[in-house]
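Read the figures in this text as sums done on the coordinates, not as results from a lab. This is a predicted model, so every value here is computed, not measured. Here the Cβ positions follow ideal geometry from the backbone for every residue, glycine too, while neighbour counts run over all protein chains shown.
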Amino acid sequence: MIEIQNVSMVFKQAGMSGGEGFKALDDISITIPEGCIYGFLGSNGAGKSTLMRMLCGVYKTELGSIRIDGRDVYDNAAAKGDIFFVNDETVQFTTFTLDGLRKYYRSYYDSFSDETFDRLVAKLGLPTDKRLAEFSKGMKRQAVVIIGLSCMTKYIMLDEAFDGLDPAMRKVVKNMIVDEMLDRQATLIVSSHNVAEINELCDRAMLIHKGKLIFADEIDEIQGGFRKVQLARAGSPVAREELEALGLEIMQYSALGSVIQAVVRGTEEDIMRKLSSVKTDITELIPLTLEEIFIYELEARGYGSAELK
Amino acid sequence: MAALNLSKINRTALAERKTHKKISMIMIIMLAVASVLCWMADSEGLQILGLFLYCVGMGVGIIAGVSVFREMTNSQLGDVKLSLPLSNAERFLSRLLTLAYVHVIPMLVFGFIGALGLFLNDGVISDEEVWQALTLMVAYTFFIDSVTVFCTCCCGALAESIYFSVIAIGCLSVVPAAICYRIAQGFAGMGDYPDFIKYWTLSSAFALNDCVNKADYYVPQIISILISCLVFFAAYQIFRRRDARSIGDPIAVRPFFEAIMLIGVFTVYSAFICTSSFNIGVIITAVIYITINIIVSRAKISFKRIVGWLAKLAATSLLFFGVVVAGFLTDGFGAYNHLPVRKMNNCSVQIDSSFYMTNDSLKEKNGEAHGDYTDAEIRDMIKIARKYGKRDKTFDRFKSIVFDDNSGSYSYYNYVEGGENKYAYLSINVYKDYKNYTRNILSQSICIERDDFDALFNELADKGYDSRITVNDYSSNGYDDYMDEVEY
């Protein structure tokens, strides 16, 4: 289990340039249970990659604490032995062949499985004697994912791992990861801008924006906490203030003639109970996709509102 | 510190070595050629080429060191390597071992093969010098690698890690010797290389050249390697404190940058002081100083910052002049009155001086004291001679030393206003003759008043030292004979 408690991260400005520091993470607290597939969602520069780097000991945690199975991870070889981190670039591997990568990582990870490596390479049909520089971007990604799975670590962290994969290969790689992870009850943490992908792959997710945690929960629970409400009333449409007076938390509101549409935070039962006192001709509650929740949450915080409309 | 997993450190070092295959192969090929050339008994030219290739091999340590520690300057590699299951101590040792596999071990192995070739055949250097050169090469390799690793640990960008390593290696080799030679010993009238430089840096070869005993040569080399190990340890202290956040910053450790800039300024000023080109030195220093600051600051330049850099340069320059003034006022930080630590038994001492009485007649007056004495006697003679020394502390004299062309003669550092009519220069030399070799123990030139000339040599004679004054009279032979004598 990964416990992240009150974690903040301030990047001091580059040594010679002076100036103010930049707060990349602000008091983040989440718990990632074992055996789940956890999605990190967020806008560009939200802090997803920073948090992931802290989780695998690339950055030191100075404010708050991160414990993996009860251990601090920074400068802890044993804890790091349970983690494999795939960052958002593959350029660092280009001088290796896939077989060279196997030997390289085998020297670091005692748990490295040649059997898994051979099986996955055969599954994806990648050449083991060609340098990764000759691979396409997608093939490089596949190669790194194969290495990550072959290290047999308890936790795998993939930062924008599916970038560069075509839809068919994306599905193959995703299935491959999920199968492997489920087989050994491992935990997968994925960060992505692609909300649909997280929705499809993960059972839990969190959303951060400008370093602050917006929500973190099971995906079903997240989706159950928002509804799009459509109300029609002849004569005068239902005003935003009227809805807010009922105690509803409105994230987005629009009106077209006598029909209004609002995105409301709350469960279906709760919203229906509050709306029962309002007389309307039509009342309809529609579940939101994770992507819609992502957009409305960020829009409510003023992020890309002009572009998103 | 948790227990180190040594087998894993070695395993990962070997894995990392494979990622530096190109440098490794270049080193092996180049050093193999160098060692073969050293076996060419009939060609001194080829042997010299071999020795030159060894020097290039030592220099490759900069590229090897920066390359092996590339995770400190490349964020992608930093992401990968900092997340791998090694503690910081294990990771540092693994990288050092990789550097040993890539650079140090090839230098040792092929260096030994080449040395054997020079030893077994008649080569460009003598048999004894072969092994001295081999130890010097090892000490230099450790010096270059340790400074490079230290600089790389202090820098967050590739360019800075390379050029700061080069600057640091150069400046560390030059500045202590230059400051000591030009300022401390110069103001004391001494002309020897300072003894301490033989213990580290590339300038050690100059001091070691004077060594006679085997211990004099090899012990400083061992000390040099130990100092390099301390530098590796200092690098580790920075390495373990750095996570990936500082990768990409040109300078990750600000005090390191300030220190390098300080010794850089001191190096250039030391090179130009006591020459008539000191003003050019100041301009060159300012240009280099601002250029490095601009490079390090990347695109973040403003007028205010340039003014700030100039202010810092001015403060550094003042500090340098402070050191020079202190050296001037204290007669080379007390070096004037310093006596050698080592026993001077069975050494020869020579104290002599001469001047021409050109105003009234063509006569040369010589004062001389020399002979083999005990340590106590030599110390006594030197103390007596120094007692008569004149060391004026006027601004004109200071200005003359710093800005005039005095680089060729250390005796000018004792120059006293008034010219030769009133003063004479006294040279004190203590040396020891070994088989086919003379070792200089002390060499000092001081200025005395002519009025004190007779008193000094009479005092030496009164104390029982073999001292006498002679007068050569050229008046009877005419001016031409006098000039011939002077030129001779």
**Spin-label proximity, B:Asp433 to region B:326-359 - amide N less than 20 Å from point 7 Å beyond Cα toward beta carbon** = B:344-352
**Exercise: per-residue mean of other protein chain Cβ atoms within 10 Å, B:65-76** = 1
**Prompt:** Lys/Arg Cβ at +1, Asp/Glu Cβ at -1, dipole of region B:6-328 taken about the Cα centre: which of B:Ala188, B:His103, B:Leu31 is farthest positive-ward?
**Reply:** B:His103
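Looking at the square roots a ≥ b ≥ c of the eigenvalues of the Cα gyration tensor of region B:6-328, which shape do they give, rounded for a/c under 1.5, prolate if a/b is larger than b/c, or oblate? If you can, show how the numbers build up before the last one.
Numbers: a/c = 2.03, a/b = 1.10, b/c = 1.85.
Verdict is oblate for region B:6-328.
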**Prompt:** For chain B, which span is the longest to avoid every loop-located (per DSSP) member of GluC sites (Glu not before Pro) having at most 12 other Cβ atoms inside 10 Å?
**Reply:** B:1-416
**Prompt:** Could you put A:Leu101, B:Leu230 in order, starting from the residue whose Cβ has the fewest other Cβ atoms within 10 Å?
**Reply:** B:Leu230, A:Leu101
**Prompt:** What number, rounded to the nearest 500 deg cm²/dmol, is the helix-based mean residue ellipticity at 222 nm of chain A, given -39500 (n - 2.57) per DSSP H run of at least four residues and division by all its residues?
**Reply:** -9500 deg cm²/dmol
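Evaluate the relative contact order of region B:28-100 (contact order divided by residue number), counting alpha-carbon pairs under 8 angstrom at least 6 apart; express in whole percent. Display every interim value, and only then the final one.
On the way: 38 pairs, mean separation 16.2, N = 73.
Normalised by residue count, the contact order of region B:28-100 is 22 percent.
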**Item:** Per-residue Cβ neighbour rank within 10 angstrom, fewest leading, B:Ser146, B:Ser427
**Value:** B:Ser427, B:Ser146
**Asked** Projected onto the charge dipole of chain B (+1 at Lys/Arg Cβ, -1 at Asp/Glu Cβ, origin at the Cα centre), which of B:Ser224, B:Gly61, B:Phe355 gives the Cα projection farthest towards the positive end?
**Response** B:Gly61
**Message:** Over 22 Å between Cα atoms: which of A:Lys210/B:Lys300; B:Lys387/B:Lys463; A:Lys123/A:Lys171; A:Lys130/A:Lys171; B:Lys383/B:Lys432 fall into that group?
**Reply:** A:Lys210/B:Lys300; A:Lys130/A:Lys171
**Message:** Projecting each Cα onto the charge dipole of region B:63-139 (Lys/Arg +1, Asp/Glu -1 at the beta carbon, about the Cα centre), which of B:Pro85, B:Val124, B:Met137 comes out farthest on the positive side?
**Reply:** B:Pro85
**Asked** Does anyone have the angle between helix A:167-183 and the longest principal axis of chain A? Alpha-carbon axes, 0 to 90°, nearest 10?
**Response** 80 degrees
**Complete:** With +1 on the Cβ of every Lys and Arg and -1 on the Cβ of every Asp and Glu, the dipole magnitude of region A:2-221 about its Cα centre, in debye rounded to the nearest 20, is 640 debye
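Divide the volume of the convex hull of the Cα atoms of region A:225-308 by its number of residues and quote the answer in cubic angstrom per residue. Don't skip to the end; give the middle numbers.
Numbers: hull volume 7.6 nm³, N = 84.
Here the figure is 91 Å³ per residue.
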**Directionally averaged shadow of region A:189-234, computed from the convex hull of its alpha-carbon atoms, nm²** = 4.8 nm²
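With the radius of gyration and the Kirkwood radius both derived from the Cα set of region A:160-309, what is their ratio Rg to Rh?
On the way: Rg = 18.6 Å, Rh = 17.5 Å.
Radius of gyration relative to Kirkwood radius: 1.06.
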**Complete:** Within the set A:Ala24, A:Ala143, A:Ala196, GNM on chain A using Cα springs under 10 Å gives the largest fluctuation to A:Ala196
**Message:** Cut-off is 10 Å between beta-carbons; in what order do B:Ser443, A:Ser236, B:Ser43 appear when sorted fewest neighbours first?
**Reply:** A:Ser236, B:Ser43, B:Ser443
**Complete:** In whole Å, largest first, the alpha carbons of region A:35-89 cover along the principal axes 32, 27, 22
**Asked** In Å, what Rg and Dmax follow from the Cα atoms of chain A?
**Response** 22.8, 75
**Asked** How many times 2.2 N^0.38 Å is the alpha carbon radius of gyration of region B:279-341?
**Response** 1.61
**Request:** In whole angstrom, note down how far apart the Cα centers of region A:219-282 and region A:139-213 are.
**Result:** 36 Å
**Asked** Which loop chymotrypsin sites (Phe, Trp or Tyr not before Pro) in region B:50-120, with loop taken from DSSP, have no more than 16 other Cβ atoms within 10 angstrom of their Cβ?
**Response** none
**Item:** Cα-projected label distance for B:Ile283 with A:Glu269, points at 7 Å along beta-carbon direction, nm
**Value:** 8.7 nm
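Under unit Cβ charges (Lys, Arg +1; Asp, Glu -1), what dipole magnitude, rounded to 20 debye, does chain B have relative to its Cα centre?
Numbers: 43 positive and 48 negative charges, 782 e Å.
Using Cβ point charges on Lys, Arg, Asp and Glu, chain B gives about 3760 debye.
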**Fill in**
Between the Cα axis of helix B:6-18 and the main Cα principal axis of chain B, the angle (0 to 90°, nearest 10) is 90 degrees
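State to the nearest 20 debye the size of the charge dipole of the protein assembly as shown about its Cα centre, where the only charges are +1 on K and R beta carbons and -1 on D and E beta carbons.
Details: 79 positive and 95 negative charges, 397 e Å.
Dipole size: approximately 1900 debye.
Of all the Cα-Cα pairs you can form in region B:1-156, what percent are over 26 Å apart?
33 percent
Which whole number gives the average, over all residues in A:106-117, of C-beta atoms from other chains lying within 10 Å of the residue C-beta? Before the final figure, lay out each step's value.
Numbers: counts 2, 11, 12, 2, 4, 1, 0, 0, 0, 0, 0, 0.
The per-residue average across the peptide is 3.
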**Fill in**
With only helices counted (DSSP H, runs n ≥ 4, each -39500 (n - 2.57)), the per-residue ellipticity at 222 nm for chain B, to the nearest 500, works out to -19500 deg cm²/dmol
**Item:** Extension gain (nm, one decimal) between A:Ala234 and A:Phe11, 0.36 nm per residue minus Cα-Cα
**Value:** 74.7 nm
**Fill in**
If one compares the long axis through the Cα atoms of helix A:290-300 with the longest principal axis of the Cα atoms of chain A, the angle in degrees, nearest 10, works out at 70 degrees
**Values of log10 I(q)/I(0), in the order q = 0.04 Å⁻¹, for the protein assembly as shown under a Debye, Cα-only, solvent-free model** = -0.30
**Asked** What per residue convex hull volume, in Å³, comes out for region B:238-322 when only alpha-carbon positions are used?
**Response** 104 Å³
**Message:** Inside 10 Å of the C-beta atoms of B:230-240, what's the mean count of C-beta atoms belonging to other chains?
**Reply:** 0
**Request:** Taking H placed 1.01 Å from N in the peptide plane, check which residues at least 5 places from A:Ala24 or on another chain put their amide H under 5 Å from its amide H.
**Result:** A:Met9, A:Val10, A:Phe11
